Amino acid sequence: MSKYDNPMSRQVFSLPDLIETQYDDLEEKARLVLSFQEIFNIQRIVLTGCGDSYAASLAAKPIFEMLTGIPTEVVTAIDLSRYYCEKHMGVDCRNPLVIAVSNSGTGARVAEAVQRARLHGCYVLGVTGNEKSPLGMHSDKILKLNIPEFEGAPGTRSYMVSVMSLLLLAIRFGEVRGSYTMDQAMDYRFDMRAQGEALRKLLPQMESTCVKAAEEWKDFPYYDFVGAGFDYAAAWFGWAKMLEATGKVAMHINSEEWFHLNFFARDARNLGTVVVGNTTNPGLSRTKEMVHYANVLNRPLLVVTDGTKEDFNGEEGTYVQVPAPKYPLNMPLTQFAPVCLLAGYISEMIGEKYGRGCEGDWSFAEGGAGVKNSEIIVK
């Protein structure tokens, strides 16, 4: 372990074991939580959640569509609870299944969203570790999470488990609906579990690369996270972890919109830019162009990829390798690990408390009060 070892980095190093044990816990649950008929009835899927759970939904959306062919959208909890058109809910609008993700299940907005969804005829599957939470009590069915206790840090373990639970559901839905054989479905699942060992082998190299980057970047005032498709979910998640762990200004954007917006930022030499780009992504060509022009702007670059520098035309930057699964659908299980290490190491180096320690001006957020204590309106 690095001399900058901290609770956040220890969460990352716990992931290989967690992938294996959580797979063993969740695989059967995901197969049994909905009946064959309930799965056949699904015509649309709406994924919702807040914070890390929203990022997990972003990661899973293209997987649901790729494996099942079912139109799937990601909707923020506040949009689903306050703005989503009621005409797009219920049996008269292609029978949407709402999958709401929250390990604690206590966030007011997610609770409000699922209550409104059910009021207007949606079927709700809650993915939560707390069956007695508001989310648990207002769901039609629950995929119960059981994440072992670990020392506190910005959510890393819980994010991986949320992603895994959604991927297992997607595999099951596609299997039941005949998109592929049972043998193929099991091969997807075996590949999922194998990502624990794949990550275990790469973590020492990942650690040394991220420590070096953190030492070079720790005094930067701001950071940019870029990706496309489900790579964008890891970029979004990296932005969230940098904010939570360091409190520094950060941005997230997809690789196309970067050319329309974020490349305008001044002080480029002090703008740490993290690019997530797996080699099987249909948007890789645009991400490679983005890496090239980030170099033209003299931006410091950290490229998170299952490939190498050569896959990015030899462009300058620091490259950190993540596992290359047999099936790209399992990429989201591990590709976020380097962004957590980077944020955790910078936090440790600058002596910053996670979440500002909920002290001083941030005291209103103690114990999650800022997201739990909010008026719930259902209509």
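The values are calculated or read from the model by the stated rules, or taken from the named source; none is laboratory data. Just so we're clear, the structure is a prediction, and the values are computed from it rather than from any experiment. Ideal geometry is used to build each Cβ from the backbone, glycine not excepted, and the neighbour counts take in all protein chains shown. These accessible areas exclude ligands, DNA and RNA; they are computed on the full protein's heavy atoms, side chains included. Shrake-Rupley method; radii C 1.70, N 1.55, O 1.52, S 1.80 Å.
Data for the structure
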| item | result |
| --- | --- |
| Selected residue [in contact with a Lys or Arg (Cβ under 9 Å, 6 or more places away or on another chain) and at pLDDT below 95] from GLU20, GLU38 | GLU38 |
| Residues being part of a loop (DSSP other than H, G, I, E, B) and open to solvent by less than 40 Å² (accessible area, probe 1.4 Å) - total across segment 23-41 | 2 |
| Pairs with Cβ under 7 Å, 6+ apart, first in segment 68-92 and within 22 Å of ARG177 (Cβ to Cβ), second β-branched (Val, Ile, Thr) and part of a loop (DSSP other than H, G, I, E, B) | ILE70/ILE42 |
| Failed criterion for PRO323 (all others in (1) assigned to a loop (DSSP other than H, G, I, E, B); (2) open to solvent by 10 Å² or more (accessible area, probe 1.4 Å) hold) | (2) |
| Segment 186-199: number of residues that are within 27 Å of SER2 (Cα to Cα), aliphatic (A, V, I, L, M) and surrounded by fewer than 20 Cβ atoms within 10 Å (Cβ to Cβ) | 1 |
| Filtered residues of segment 181-213 (kept if β-branched (Val, Ile, Thr) and in contact (Cβ under 8 Å) with a residue 12 or more places away in the chain) | THR209, VAL211 |
| Residue count, segment 233-270 (criterion: part of a helix (DSSP H, G or I) and either open to solvent by 60 Å² or more (accessible area, probe 1.4 Å) or not aromatic (Phe, Trp, Tyr) (or both)) | 21 |
| Test: residue in segment 13-22 that is touching a strand residue (DSSP E or B) at 6+ places or on another chain (Cβ under 8 Å), at negative phi and not in a helix (DSSP H, G or I) | no |
| Any hit, segment 60-67, residues being closer than 17 Å to VAL127 by Cβ and free of Cβ contacts under 8 Å to residues at least 60 places away in the same chain | no |
| Segment 281-304, residues that are of a type in the set (Val, Ile, Thr), outside any strand (DSSP E or B) and surrounded by 15 or more Cβ atoms within 10 Å (Cβ to Cβ) | THR287, VAL291 |
| Candidates PRO62, PRO7, PRO71, PRO16, filtered to the one that is within 22 Å of the chain's Cα centre (by Cα) and closer than 23 Å to LYS372 by Cβ | PRO7 |
| Among residues of segment 42-68, those that are open to solvent by 20 Å² or more (accessible area, probe 1.4 Å) and within 23 Å of LYS379 (Cα to Cα), counted | 3 |
| Residues of segment 174-185 satisfying the condition of being open to solvent by 40 Å² or more (accessible area, probe 1.4 Å) and of a type in the set (Ser, Thr, Tyr) | SER179, THR181 |
| Failed item in (1) modelled with pLDDT of 95 or more; (2) under 16 Å from GLY155 (Cα atoms), with PHE64 passing the rest | (2) |
| Residue count, segment 337-379 (criterion: in contact with an Asp or Glu (Cβ under 7 Å, 6 or more places away or on another chain) and either free of Cβ contacts under 8 Å to residues at least 60 places away in the same chain or of a type in the set (Gly, Ala, Ser) (or both)) | 2 |
| Residue check, ASP191 among the acidic types (Asp, Glu) and over 25 Å from TYR54 (Cα atoms) | no |
| Subset tally (residues that are more than 17 Å from PRO332 (Cβ to Cβ), in contact with a Pro (Cβ under 9 Å, 6 or more places away or on another chain) and charged (D, E, K, R)) for segment 33-72 | 1 |
| Residue satisfying all of: in segment 200-232; within 19 Å of the chain's Cα centre (by Cα) and open to solvent by 20 Å² or more (accessible area, probe 1.4 Å); modelled with the highest pLDDT among these | TYR232 |
| Residue identified as open to solvent by less than 40 Å² (accessible area, probe 1.4 Å), at pLDDT below 90 and not hydrophobic (A, V, I, L, M, F, W, C) among GLY344, GLY368 | GLY368 |
